[in-house]
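Here is the structure we will look at, set down as structure tokens.
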Amino acid sequence: MTSKTSMSQRARELARNAKRRGLVRSRRRRLPSHLRRRLVWVLRGILCAVLAAAVYVGVTIYPYLTAPGTDRVAARVAEWGRDHHLSWAVTWLENQTYTAPPAGGALSAEQRRALLGGQGSAPHPHPTAAGAAPVDLPANIPAQASRPLPGEGVWHPVIYGPAGNPVLEQAALRPDDVHTSKLAYAVWMNQKALAFTLHPGYQQPGGSWPVPDSLSGAALKGLVATWNGGFKVHPDDALGGYYDNGVTAVPLVAGKASEVFHRDGSLSIGAWGTDVRMGPGVLGVRQNLSLLVDHGEIQATLGAGSGTQWGYTINNDFYIARSGVGITATGDIVYVSGSALSVSTLAHLLKAAGAVNAMELDINPDWVSFMTYSRDPVNPDPVKLWDFVQPAGRYLQPSSRDFVSVNLR
């Protein structure tokens, strides 16, 4: 009997303890009413902030995603981020997904064909002292890597003028003695036979201009080439200005490297205020950083890399897609680009191609481009200089960034 009673008492005691624990738990779970109200308001505030951020992102990014042109979605999102105080996030993501170009290695069979002219074109006859060449043609580019390969740095005609003389030639060569599995590409353009036009982009510099942001109609007549512009002028990544047809989008800066477009179709390149300056014959000016080659002297040191002076690159890597343009001692134009170039490499290549004054243009994979065309206004048939990201038809539709078109005179 006693045993049964004690068991019963223990059971009741266990039940009471369990009930107490449940009450304690329920008391612990249940917040005071004023704290509950505060928590509700905090959660509502967080929800409103998230919704507001989503609306802001949706409203501000929509124009970037739906804008015309050939820019990739990733590039459009990156541009939106950089324009909306998220440069740090864009840079971090680019750095995480970046792979540096390999050192060493050999060229592929396709790259070796590019050295020989790609499409089977023969190298031009080398000019002689006897003056046998009907026009002044450029000297071949000295090899920048040891043990030159067949065709390395040799100019090949691509576009001929009405008289049958080459007016645009291309060459390919390894950029240096380290990145031997990569190629750099150069273009020579006869300024006496060609006219150069600056075109604005609808975002860079933006605004309304008498010159269109794409090529169509009369602009396709005699079209032989296009190339990319420089760094963004909004914000002032270019550290320089933009002027066209009497309108200044960004004030011109003394001493900065400048492409100067004249009313007669000619192009000058030099430091603003010393080599080139404003005058009645100036139609457009596109500035970008400082001169890479100044009166035959290379200005970029071997250690020049990512930064304010020469442009921020993915992962701060020296070797990235870069482009540049220069003018020779005879007044012709040379353009150089490649997928694995440092500032110093680009400067040396431009000088080796004959430039006495030269400047860097746009950099990074999404923005470098050079195309040649068939001169047929009905079927321009653009061809890329090399396999860069942008499609060949980039400038046959509205372009977000400025560019240069080249036509036969």
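Structure values in brief
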{"read-out": "Residue check for LYS192: assigned by TED's automatic domain parsing to the domain that holds SER374, surrounded by fewer than 20 Cβ atoms within 10 Å (Cβ to Cβ), closer than 30 Å to ALA139 by Cβ and modelled with pLDDT of 95 or more", "value": "yes"}
{"read-out": "Matching residues, the stretch 346-364, being outside any loop (DSSP other than H, G, I, E, B) and either under 11 Å from the mean Cα position of the chain (by Cα) or surrounded by 24 or more Cβ atoms within 10 Å (Cβ to Cβ) (or both)", "value": "LEU346, ALA347, LEU349, LEU350, ALA355, ASN357, ALA358, MET359, GLU360, LEU361, ASP362, ILE363"}
{"read-out": "Some residue of the stretch 233-252 being in the same structural domain as GLY279 (by TED's automatic domain parsing), of a type in the set (Asp, Glu) and surrounded by fewer than 20 Cβ atoms within 10 Å (Cβ to Cβ)", "value": "yes"}
{"read-out": "Elements of type strands (runs of 3 or more DSSP E) contained in the stretch 160-213, each with 3 or more residues being in contact with a helix residue (DSSP H, G or I) (Cβ under 9 Å, 6 or more places away or on another chain)", "value": "166-173, 184-189"}
{"read-out": "TRP367 touching a strand residue (DSSP E or B) at 6+ places or on another chain (Cβ under 9 Å), surrounded by 22 or more Cβ atoms within 10 Å (Cβ to Cβ), over 23 Å from SER268 (Cβ atoms) and at pLDDT 95 or above", "value": "yes"}
{"read-out": "Top-ranked residue of the stretch 299-311 - restricted to ones that are surrounded by fewer than 16 Cβ atoms within 10 Å (Cβ to Cβ) and in a loop (DSSP other than H, G, I, E, B), ranked as modelled with the highest pLDDT", "value": "THR301"}
{"read-out": "Only listed residue being farther than 27 Å from VAL233 by Cβ and modelled with pLDDT of 95 or more, chosen from LEU396, LEU385, LEU408", "value": "LEU408"}
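The values are calculated or read from the model by the stated rules, or taken from the named source; none is laboratory data. As the structure is a prediction and not an experimental result, all values here were calculated from the model. Cβ coordinates were reconstructed from backbone atoms using ideal geometry, including for glycine residues, and neighbour counts include every protein chain displayed.
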